[in-house]
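A.B. asks: One structure coming up, written as structure tokens, with questions to follow.
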Amino acid sequence: MPFSRDLAHRVAGSLAMAGIGCWAAWEGRTLGLFVLGTPAPGLFPFIFGCMLLVMALLCLIIDIAAMRGGGAAPAVPVDDRSGLTRVAGYLAVGVGCAIAMQWVGFVLAAFVALLLLMRGFERMPWKVSLLTTVGATSVAYVLFVRLLGVPLPAMPL
Amino acid sequence: MELLDALSLGFATALTPMNLLYCLVGVFIGTAVGVLPGLGPTATISLLLPLTFQMDATSSIIMLAGIYYGAMYGGSITSILVNIPGEAASIVTCIDGHVMAKNGRAGTALGIAAFGSLIAGIATVIGIVLIGPSLAQAALKFASPERFALVVFGLTLVTFISTSSRLRGIMSALAGLILSTVGLDVVSGQQRFTYEIPYLLDGVNLVILAMGLFGVGEVLADAARRTDDAVVALPVPSRTSDLLPSREDWRLSGWPIARGTVLGFVLGLLPGGGAMIASFASYVAEKKLSRTPERFGRGAIEGVAGPEAANNAAAQTSFIPLLNLGIPTGAVMGVVLGALMIHGVNPGPQLYIEKPELFWGVVASMVIGNLMLVVLNVPLIGIFVRLLRVPAGLLSPLILLVCIVGAFSINNNVLDVLVMFAAGLVGLLMKKAVIDPAPLMVAFVLGTMFESSLHQSLAIGYGSAWVFLERPISATLLGASVLVIAVSLIAPLLVRRLIDAPGPN
């Protein structure tokens, strides 16, 4: 049901924020709160962490109350499985491209990454994917490497 | 510097061929970005920062400013013709603008939006010219305690920029404050949250964070929820004369444009104000002031003229606190601050004295940019609307490529790209959890200033916090912060009591 999934996301977000608040407060306390009466490195992380924890718990209470009461929160469209696959694909290809360009150079890494995304995950027609990939890679190379002098990794040949 | 000398210097700077070209590129990209839903000015300015590395600081800020106010124009095109706001500040334009278009008055709606923005843009520049030097003089009196108080005031207002609830906005801002403490402590030099990772010693890079949260985050959010719905745009006016409002339209729109300009001017100066809040405030004000409020929502031209003037005025004045005080009033200004820092420019009161060509050049370029936008938009509306037909499946991979190149080019470091993707994933998860990342971004920038100015102030006051209350400006700003917090706590209770109160209505 879209509605309950939306609220579940909100609850998860509040829980994650509460976790971050706890972690920051704990680390802050470890770093020390005061030195000779003046703020030590841990004071502000501790204060911000505690405040975040309180806010997150307040949000959590409101979200849970909305969940029990049938909900005041607006429903949002739910991602389907293909959407999640696409997100994972974008992340994997993007990170892969960044790592691979150190070994195979920017041009080849960008070409493969774009083609994978357009053809593999976006299901664009082969002709459109190839033409756009070649065009975009060439423009990026000319603009960034030739015109702007950005030292993008070159092909090791 | 005399005002006329300052303006002459500004126009001499803005009218150089290269700066004219950068202004044109900025407003063109800005309009295109404004038209495309999803990709807002924050993401675009972050993505295009690497392109400005080779430019001088003045040219780059002229281009980035053009993108920002160009996006305000572009946003109104899709709001009126498609009923999809291209960006947040154009949401209210949908209400009456699209109804006007459906009633066969698309040209008038587009025309009044463009001319209203132009009038507001020029009036705002006149306002900046009049108050800019006084603000800069006042800013010269700002020492650490005043700066700290201003940062506190900014932090209390920052949650107003959140598109989600206030509480979730506060959560986002607090997360940004925590993130700003990563790296070496400004006083002791002790490592915080670095876990012996050398990359984190300098803290999280502002530009990388912005590119991740707003650029990659937007691409991932779009990939998660791709729809194949075809965009249906109402017919684009074919003749230039169709865009010209009639005498009656001008009569109805005159005061809304004037009021929208004043509202936008003031709200743009405040941290947490900005174009979106200005446009909403203008719409509400016009509806309240109208003798025929029932026309609103049914194609009232005042509902287009006022908000469009307000959002453009706010977009332009938001540069003033940034350039004069070094305080970003919103996420876009946070990214522009990053651009200034990359160019070795420290915004603040000294900027007006040390780099007058930058300050006045950017101000003068706003007049030129606004004129360019009206001249550009009249013949190119059809082309901009066609941008909506470019499939997201082509656009998203290309944006991702720009993100990768941009992040890498900052320090020529692959780790930056990986951190950008991590920030992008965080941006996506925040959107899913209905937590707006914009307060995080602004609080992240203000957090660094918060700590350093507090320590400097305490040093001035020999460790005593009274230093903040002994100085009139800092005491006033801290008092205003307390007032904002008190009002935001009491106002909802009062509203609820009014709603619950029994009465004839």
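Laboratory data are not the source of any read-out in this text; all were calculated from the coordinates shown. Since this is a predicted model, take the numbers as computed values, not measurements.
A.B. asks: Considering every pair of different Cα atoms, what Kirkwood radius, in Å, is found for region B:236-318?
C.D. replies: 13.0
A.B. asks: Looking only at A:V35, A:V54, A:V104, which one moves most when chain A is put into a Gaussian network model with springs between Cα atoms under 10 Å?
C.D. replies: Sorting by GNM fluctuation, first place goes to A:V35.
A.B. asks: Okay, moving on. Grab every C-alpha pair in region B:367-460, bin the distances at 10 angstrom width from 0 up to the longest one, and report whole percents.
C.D. replies: With a bin width of 10 Å, the distribution comes to 12, 20, 29, 28, 8, 3.
A.B. asks: Any idea how far the Cα center of region B:314-331 sits from the one of region A:47-65, in Å?
C.D. replies: 31
A.B. asks: Which value, in Å³ per residue, describes the convex hull spanned by the Cα atoms of region B:3-500?
C.D. replies: 154
A.B. asks: Further question: Checking the cross-link filter: which lysines have an alpha carbon closer than 26 Å to that of B:K355, excluding same-chain neighbours under 8 positions apart?
C.D. replies: Excluding near neighbours in sequence, the set is B:K141.
A.B. asks: Semi-axes of the equivalent ellipsoid for region B:54-98, please: Cα gyration tensor eigenvalues, times 5, square-rooted, ordered largest first, whole Å.
C.D. replies: Each semi-axis is the square root of five times an eigenvalue, giving 29, 7, 6 Å.
A.B. asks: Starting from the Cα gyration tensor of chain A, take the square roots of the eigenvalues, sort them a ≥ b ≥ c, and report rounded, prolate or oblate (rounded when a/c is under 1.5, otherwise prolate if a/b is larger than b/c, else oblate).
C.D. replies: In terms of gyration-tensor shape, oblate.
A.B. asks: While we're looking at this one, here's another question. What is the distance in Å between the Cα centres of region B:125-199 and region A:83-157?
C.D. replies: 36
A.B. asks: Using a cut-off of 24 Å between alpha-carbon atoms, which lysines can reach B:K287, once sequence neighbours fewer than 8 places away in the same chain are excluded?
C.D. replies: Candidates past the 8-residue exclusion: B:K102.
A.B. asks: Given region B:285-373, report the % of alpha carbon pairs whose separation exceeds 15 Å.
C.D. replies: On the way: 2639 of 3916 pairs.
Above the 15 Å cut-off, region B:285-373 has 67 percent of its Cα pairs.
A.B. asks: In deg cm²/dmol and to the nearest 500, what is the mean residue ellipticity at 222 nm of chain A if only DSSP H runs of at least 4 residues count, each as -39500 (n - 2.57), divided by the residue total?
C.D. replies: -23000 deg cm²/dmol
A.B. asks: Can you run phi through the Karplus equation (6.51, -1.76, 1.60; θ = phi - 60°) for region B:255-269 and list ³J(HN,Hα) in whole Hz, with x for Gly and Pro?
C.D. replies: My calculation for region B:255-269 gives 5, x, 5, 4, 5, x, 4, 5, 4, x, 4, 6, 5, x, 6 Hz in order.
A.B. asks: What are the radius of gyration and Dmax of the protein assembly as shown, computed over its Cα atoms and given in Å?
C.D. replies: 24.6, 84
A.B. asks: Give the distance, in whole Å, between the Cα centre of region B:421-499 and the Cα centre of region B:269-295.
C.D. replies: If you average the Cα positions of each part, the centres end up 24 Å apart.
A.B. asks: Can you tell me which aspartates and glutamates have their Cα less than 20 Å from the Cα of B:K432? Leave out same-chain residues fewer than eight positions away.
C.D. replies: Output for B:K432: A:D6, A:D63, A:D79, A:D80, B:E87, B:E218, B:D222.
A.B. asks: A further question follows. When the convex hull of the C-alpha atoms of region A:106-157 is computed, what volume per residue in Å³ does it have?
C.D. replies: 74
A.B. asks: Kirkwood hydrodynamic radius of region B:333-411 from all distinct Cα pairs, in Å? Display every interim value, and only then the final one.
C.D. replies: Details: mean 1/r = 0.0615 Å⁻¹.
After inverting the mean inverse Cα-Cα distance, the result is 16.3 Å.
A.B. asks: Quick one: which residues, 5 or more positions from A:V35 or on another chain, have an amide H under 5 Å from its amide H? H modelled 1.01 Å from N in the peptide plane, none for Pro or chain starts.
C.D. replies: Under 5 Å from the amide H of A:V35 lie the amide H atoms of A:A40, each far enough along the sequence or on another chain.
A.B. asks: A further question on this structure: Can you give me the span-like helices of chain A, meaning DSSP H runs with 30 Å or more of Cα extent along the axis and Kyte-Doolittle mean at or above -1.0?
C.D. replies: Counting only whole DSSP H runs, the qualifying helices are A:2-31, A:43-68, A:81-104.
A.B. asks: In terms of the Cα gyration tensor, with a ≥ b ≥ c the square roots of its eigenvalues, is region B:394-505 rounded because a/c is under 1.5, prolate because a/b exceeds b/c, or oblate?
C.D. replies: oblate
A.B. asks: Can you give the calculated 222 nm mean residue ellipticity of chain B, where each DSSP H run of n ≥ 4 adds -39,500 (n - 2.57) and the sum is split over every residue, rounded to the nearest 500 deg cm²/dmol?
C.D. replies: After summing the helix terms and dividing by residue count, I get -23500 deg cm²/dmol.
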